[in-house]
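Asker: Sharing a structure, written as structure tokens. Questions coming.
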Amino acid sequence: MKKLIKDTWNLAFRRIRPTFRRPMTIFMSMAQPIIWLLLFGNLFKGIIQVPGFFTDSYVEYILPGMIVMNTLFIGIYTGMGTLTDLNYGALERFLVTPINKIVIIFSELVQLIVLLLVQFIMIMLLALTMGARFTLSISSIIIFLTIPILLGLGVSALSISLALITRKHEAMITALQFFTLPLMFLSSAFMPRNLMPAWIRTISIVNPIDWAILGARGVLSSQINWTEVITNGAMVLLFGVICVLISLQSFKKFQNSI
Amino acid sequence: MLLKNQNTFAIEVNNLVKTYKGGIKALDGLTFNIRSGSIYGLLGPNGAGKSTTVKILTTLSKPDSGEANVLGIDVLSQPDKIRRIIGCVSQKSGVCYDSTGRENLILQGQLYGMGGKYLKERVDELINILKLEEAANRSTLTYSGGMLRKLDIAMGIIHNPQILFLDEPTTGLDPEARATLWEIILNLSKQEQVTILLTSHYLDEIDRLADRVAIIDQGKVIIEGSPRELKDKLAGDVIKIELLKNYSNSIFHVEDVLKKQEGVIEVKIKSKELQLQVSRGASILPNILQVLQSLSIEVASVEIIPPSLDVVYLKYTGKRIEA
């Protein structure tokens, strides 16, 4: 167990180190959600006047969605690292060493968690300077960060699976990018469910992205509806676990194909 | 069990069969044994099954049937034990490109459970042995092909494995880098008694490094022996003798006499040049020179040309080696 954790961290660290050596990559990779937060947040400032919007600030409203969007956009690229390892032979090298195979997948997830945590803090600071205000307890901060990260783990596990199955950069990225943006609009990221057209509302109910957004937004409100937070959180957790299981299965399949 | 194997075979491969998806038969009853401390060469055309063999022995891949032991440990049932005792340098580099050479080495050591001062010293030692001092703290993106290969080998042996697999270690390198790597490989075998399985495209490499060689084609060993033995099975060496002058009158007599000497297979004469096809050049040469002297024929120069593995390869696989 101790070696498992050590190996996971060591393998994750090899990815974390270069990222922090070039801090610009941390900013660049979160450019999209920040631009959305700045532009959308300001452009649709007045939208909260619409009856049915129960919030004082639109920036505050879309913040959970932007946090989730960031995990999505970062998460879908996780498989790229796996592909590089596969193509350059590092993956085979790791497979010959005496480490548990799940370490290889887990290390990718750990490096993602580290990166996301750093980016979340920056997005939160930005939101604060834009006028968003929340009263957060320690436990609600943890939940607020955990739920999007769980979604990110699921997405990146899927990305790894796709990398191992398709073994092609283009195929993988095209497939994932095709889904991300539409799924954002099929969630309550920009508009609450009660203001959506009926068909979008139906889709949003089965959209894991919306579970994460609702769960995270839940802890931001002054009166936390814990049933809503826990239900959505649990569903995201389930999604994450299933995706990780799928990725472990794809990894097994990949090993059998060597 | 282990003790027995120290004196006999480090690697035993018996009747391996492996079929890939789509019915491509990579291995078709492959069998060979490798003596402890020796360098064993696997030579064969592309798709002959060399890499598949290495993948099975390094636990990356599983055969459909057959057995494989490394130091008496079953590769199929105890892959975890195998991974601790082997090192592997595969065809693809395997370096993490966004790290430095030193960082790559440290990570590799950590994966083998090494750490602390011991790991640090081992890394320094390897950097020193492989002459990577100057590049060790640079990103591996800046490395040349030869430097990457050296780093690969350093990573492969960081945990002092008793068995090392080298899958085409010098492919694509310039002659100078190849010569350096050859020296490193020979040192590992001769000084540290590492048993090495080497696959290669290059006949000169196998000839230079391997104690024994198996030529494999379509997943089977076609012929096995020391490079010397394999070459002897062909017509042997060629002795080229340059004469001081043209002995046009007596030359046919010379031809007859030489043909009768033991070990001489064929004699060709071209004005001032004699070409003898013999079984073992070095042992026959003194006798030949004596015969020539007794016939009062003066010799200007002598050269023994050993047969090349090229010819052996061509003979047994029916293919030319593709460089």
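Asker: Which helices (runs of 4 or more DSSP H) sit wholly inside the stretch A:20-118 and have at least 1 residues that are more than 14 Å from chain B (Cβ to nearest Cβ) and at negative phi? Before the answer, list the steps.
Answerer: Details: elements: A:23-29, A:31-43, A:58-75, A:78-88, A:90-96.
Output list reads A:23-29, A:31-43, A:58-75, A:78-88.
Asker: Here's something else I'd like to know. Return the pairs, sorted by first residue and then second, in which the second residue is β-branched (V, I, T), the first residue lies in the stretch B:138-155 and is farther than 15 Å from B:G172 by Cα, the beta carbons are less than 7 Å apart, and the residues are 6+ apart or on different chains.
Answerer: B:R138/B:T100; B:S139/B:T100; B:T140/B:V95; B:T140/B:T100; B:L151/B:V95; B:L151/B:T140; B:I153/B:V89; B:I153/B:I184
Asker: Counting residues that are facing chain A (nearest Cβ under 9 Å), under 17 Å from A:F94 (Cα atoms) and at pLDDT 95 or above, which helices (runs of 4 or more DSSP H) fully inside the stretch B:54-148 reach at least 3?
Answerer: Working: elements: B:79-85, B:101-111, B:116-129.
Because the criterion is at least 3 residues that are facing chain A (nearest Cβ under 9 Å), under 17 Å from A:F94 (Cα atoms) and at pLDDT 95 or above, the helices (runs of 4 or more DSSP H) in the stretch B:54-148 that meet it are B:101-111.
Asker: Out of everything in the stretch B:285-306 that is under 10 Å from B:D237 (Cα atoms) and β-branched (V, I, T), what residue ends up being surrounded by the most Cβ atoms within 10 Å (Cβ to Cβ)?
Answerer: This residue is B:I304.
Asker: With the structure loaded, tell me whether B:R228 is closer than 20 Å to B:I34 by Cα and among the basic types (K, R) or whether it fails that test.
Answerer: So B:R228 fits the description; yes.
Asker: Criterion first (surrounded by fewer than 22 Cβ atoms within 10 Å (Cβ to Cβ), more than 21 Å from A:T180 (Cβ to Cβ) and not aliphatic (A, V, I, L, M)) does A:F53 satisfy it?
Answerer: In short, yes.
Asker: Just wondering, is there one or more residues in the stretch A:130-141 that are modelled with pLDDT under 90 and of a type in the set (F, W, Y)?
Answerer: Scanning the stretch A:130-141, I find at least one residue that is modelled with pLDDT under 90 and of a type in the set (F, W, Y), so the answer is yes.
Asker: Further question: Residue check: is B:K259 part of a loop (DSSP other than H, G, I, E, B) and not assigned by TED's automatic domain parsing to the domain that holds B:N187?
Answerer: no
Asker: Given the options B:G41, B:G94, name the one that is out of contact with any Leu (no Cβ under 8 Å at 6 or more places or on another chain), in contact (Cβ under 8 Å) with a residue 24 or more places away in the chain, surrounded by 22 or more Cβ atoms within 10 Å (Cβ to Cβ) and not hydrophobic (A, V, I, L, M, F, W, C).
Answerer: B:G94
Asker: Moving to a separate point now. Limited to the stretch B:101-137, what total is found for residues that are over 18 Å from A:T8 (Cβ atoms) and either of a type in the set (D, E) or touching a strand residue (DSSP E or B) at 6+ places or on another chain (Cβ under 6 Å) (or both)?
Answerer: Of the residues in that region, 6 qualify.
The values are calculated or read from the model by the stated rules, or taken from the named source; none is laboratory data. Computed from a predicted model, the values in this text were never measured in an experiment. Methodologically, a virtual Cβ is constructed for each residue, glycine included, from the backbone with ideal geometry; neighbour enumeration extends over all protein chains shown.
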